[in-house]
Amino acid sequence: MEKILESYKTTAVEDVTVWYEAAKVSEFPKNGGACIKYKSKQIAIFNFERKNSWYACQNVCPHKMEMVLSRGMIGEQSGVPKVACPMHKKTFSLENGENLNGDLPAIATYPVKIENDTVYIGFSE
Ligand code: FES
């Protein structure tokens, strides 16, 4: 199981070597998420319209290794954007991946940029 988690590494914008074209902005729900595939990874992308921000993270929840985070509810905790896993409501910061209501490993997060109505996710490999 840990092998799956090992394939996801938080990527800082300065380390991005590939901007992967995910989809058009209009293909993502407002204030919700969708999942894309990049190589063997499933990546959850969130259009947090209320904050006028986009976020990306691994789709796999480290609690029970379910590929579900893209279907989670997004919200804020003390100003930190977060996603709640739809399975058992573990919550994770969308900024640094930290598990906000437990001691699960942090999830990996990835930079997002929007250009010409298109959503790109940054990877370092
Ligand atoms: S699988 Fe995500 S909280 Fe349990």
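Readers should treat all values here as calculations from the given coordinates under stated rules, not as data from a laboratory. These numbers were taken from a predicted model, which means no experiment stands behind them. When we count neighbours, we look across all protein chains shown, and the Cβ atoms used for this are built from the backbone with ideal geometry, even at glycine.
Here the chain is assigned +1 on the Cβ of each Lys and Arg and -1 on the Cβ of each Asp and Glu. Its dipole about the Cα centre then comes out at about 420 debye.
What FRET efficiency comes out for Glu49 versus Thr10 if R0 is 25 angstrom and r is the Cβ-Cβ distance? Round to the nearest 0.05. The value I calculate is 0.60.
Taking neighbour counts of Cβ atoms within 10 Å as a proxy for exposure, in what order, fewest first, do Phe28, Phe46 appear?
Phe28, Phe46
Our note on the geometry: Cα centres of the range 92-125 and the range 1-62, 6 Å apart. Computed over neighbours whose Cβ is under 15 Å from that of Ile4, the net charge equals +3, Lys and Arg +1, Asp and Glu -1.
Karplus-derived 3J(HN,Hα) values for the range 56-68, using 6.51 cos²θ - 1.76 cosθ + 1.60 with θ = phi - 60°, are 9, 8, 4, 7, 7, 7, x, 5, 10, 6, 8, 8, 9 Hz; glycine and proline are entered as x.
Within the set of other residues whose C-beta is less than 13 Å from the C-beta of Lys24, count the net charge using Lys and Arg as +1 and Asp and Glu as -1. Please list the in-between numbers first.
Values: positive: none; negative: Glu21, Glu27, Glu115, Asp117.
Charge balance in the 13 Å sphere: -4.
In sequence order, the range 93-103 has phi-based couplings of 5, 7, 8, 10, x, 4, 6, 8, 10, x, 10 Hz under the Karplus curve 6.51 cos²θ - 1.76 cosθ + 1.60, θ = phi - 60°, and Gly or Pro positions carry x.
With neighbours defined as other Cβ atoms within 10 Å of a residue's Cβ, the residues Ser78, Ser7 order from fewest to most as Ser78, Ser7. Close Lys pairs in the chain (alpha-carbon distance under 16 Å; sequence gap of 8 or more, or different chains): 15.
Per residue, the average separation of C-alpha pairs within less than 8 Å and at least 6 apart gives the chain a relative contact order of 30 percent. For Cys35 and Met67, compute 0.36 nm times the residue count separating them, minus their Cα-Cα distance, and round to one decimal in nm. Using 0.36 nm per residue and subtracting the Cα-Cα distance, I get 10.6 nm. Per-residue Karplus couplings for the range 36-41, computed as 6.51 cos²θ - 1.76 cosθ + 1.60 with θ equal to phi - 60°, are listed in order as 10, 10, 10, 6, 9, 9 Hz, Gly and Pro entered as x.
Can you list residues from other chains, or at least 5 along the same chain, whose modelled amide H is less than 5 Å from the amide H of Gln42? The answer is Asn59.
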